1. Out of His50, His44, report the one residue that is surrounded by fewer than 14 Cβ atoms within 10 Å (Cβ to Cβ) and over 17 Å from Glu120 (Cβ atoms).
2. Going through region 3-41 one residue at a time, which ones are closer than 18 Å to Ala124 by Cα and among the basic types (Lys, Arg)?
3. Please name all residue pairs, on different chains or six or more residues apart, with Cβ atoms under 8 Å, provided the first residue is in region 163-192 and is more than 12 Å from Leu147 (Cβ to Cβ) and the second residue is assigned to a helix (DSSP H, G or I) and basic (Lys, Arg).
4. Going through region 183-212 one residue at a time, which ones are loosely packed, with under 15 Cβ neighbours inside 10 Å and not in a helix (DSSP H, G or I)?
Amino acid sequence: MPVLQARSIRTREGLVAAARAALVELGLHNTPTAVVAQRAGVSHGTVFRHFPTKTDLLVAVVQAILADLVVGFGEELAGETKKPVRPERAKRVEGPDPVKAACAALWRVFRRPEMRVVLEIYVAARTDTALAEGLEPVIDRHQATILTRARQLFPDAAVSNPEMEDAVLAIVYAMQGAAVGLFCPDPEEEVAHLAFLERLARRELARSHRSE
């Protein structure tokens, strides 16, 4: 890779990282491009050489966060599946419970502060046509990734449940809303929300052609 191209990629990545950190700390309305430039250690003009508009920068930030959330979910899920099964459950189940593990992993990912950045940008897109149009392909790709992962995790449901994809997206976005909506850590409230969402996921994924 040519030196100039590599430098351009590093600068672009640095701008996205700086914008992401500023958005987490300051929020959307308090993060002008000048703040991003200052945090990235570049001139204000450099921001617009890589991102012609602030909308372009925000779309890149959402894309980066969603990509990291997918990786984070995989890491959290791997941690869940390595947890020892309690003795009282060992007699009833073989191996980890995939629904419980997936819900726990997804909940922790959605509790990350970056999710509030994504939600804030989504809300802004409601009245910003350019932002909405820029986000649409990013969200479509992310949903496709979610569904591919779900089919891998729940192959039986993928075959037997005609509404599996709709159920997965509904569960994911319900959990996202519940997780982001808890502004202050409250262990009891988190346990209650997660338990309900796990029951919802278990019920919806268990549906089949025969249940209709």
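1. Within the list His50, His44, the selection yields His44.
2. Within region 3-41, Arg20 is the sole residue that qualifies.
3. Listed by first residue and then by second, the contacts come to Val180/Arg116.
4. Scanning region 183-212 gives Phe183, Cys184, Pro185, Asp186, Glu212.
Values in this text are rule-based calculations from the coordinates and carry no lab data. This is a predicted model, so every value here is computed, not measured. Don't worry about glycine lacking a Cβ; one is built from the backbone with ideal geometry, like all the others, and counts go over all protein chains shown.
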